[in-house]
1. So how do PHE67, PHE29, PHE101 rank on accessible area, 1.4 Å probe, biggest first, that is with the largest at the start?
2. Ignoring solvent entirely, what values of log10 I(q)/I(0) come out of the Debye formula for segment 64-113 at 0.16, 0.20, 0.32 Å⁻¹ when each Cα is a single scatterer?
3. Could you give the alpha-carbon Rg of the chain over 2.2 N^0.38 Å, rounded to two decimals?
4. Mind giving me the nanometre distance, one decimal, between the label points for SER17 and THR99, set 7 Å out from Cα along Cα→Cβ?
5. By the scheme Lys and Arg +1, Asp and Glu -1, what is the net charge of all other residues having a beta-carbon under 13 Å from that of ALA91?
6. Once fully extended, how much extra length lies between PHE29 and GLN81, figured as 0.36 nm per residue of separation less the alpha-carbon to alpha-carbon distance?
7. Taking only C-alpha pairs under 8 Å that are 6+ residues apart, what is the relative contact order of the chain in percent?
Amino acid sequence: QVQLVESGGGLVQPGGSLRLSCAASGSIFNINAMGWYRQVPGKQRELVAVIISGGNPDYADSVKGRFTISRENAKNTMYLQMNSLKPEDTAVYYCNMGTPFYIYWGQGTQVTVSS
């Protein structure tokens, strides 16, 4: 079974940067969208950034200008560059790859922004 594996999370000070990576353990065909979500206890999982094949990336208002999503389709790999991190960015971050028939999710990586 194909799995998505996130990496790059950790503890960072406010104003710092992290780069998250998400890689598929096998081939995923017909990917039409890749995205990053995040979730904190007691809240709904929210969309952070998404990039649709052939389209432009889009971001949640809270991260616009600070986060950048990118992808390498040939490697089924995606990234989230996070700059100017704030304490409110603290969450578990999940990657997502969507096909017309199935949506793949990673297990999540913890990002903690704290002094």
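The values are calculated or read from the model by the stated rules, or taken from the named source; none is laboratory data. Owing to the predicted nature of the structure, the values given are computational and were not obtained by experimental measurement. Here Cβ is always computed from backbone atoms with ideal geometry, including for glycine, and neighbour counts include all displayed protein chains. Accessible surface areas use protein heavy atoms only, side chains included; no ligands, DNA or RNA. Shrake-Rupley method; radii C 1.70, N 1.55, O 1.52, S 1.80 Å.
1. Largest to smallest exposure gives the sequence PHE101, PHE29, PHE67.
2. Here log10 of I(q) over I(0) equals -0.57, -0.83, -1.26.
3. 1.01
4. Result: 3.4 nm between the two label points.
5. Here the count lands on 0.
6. Stretched out fully, the PHE29 to GLN81 stretch lengthens by 16.3 nm.
7. Computed value for the chain: 37 percent relative contact order.
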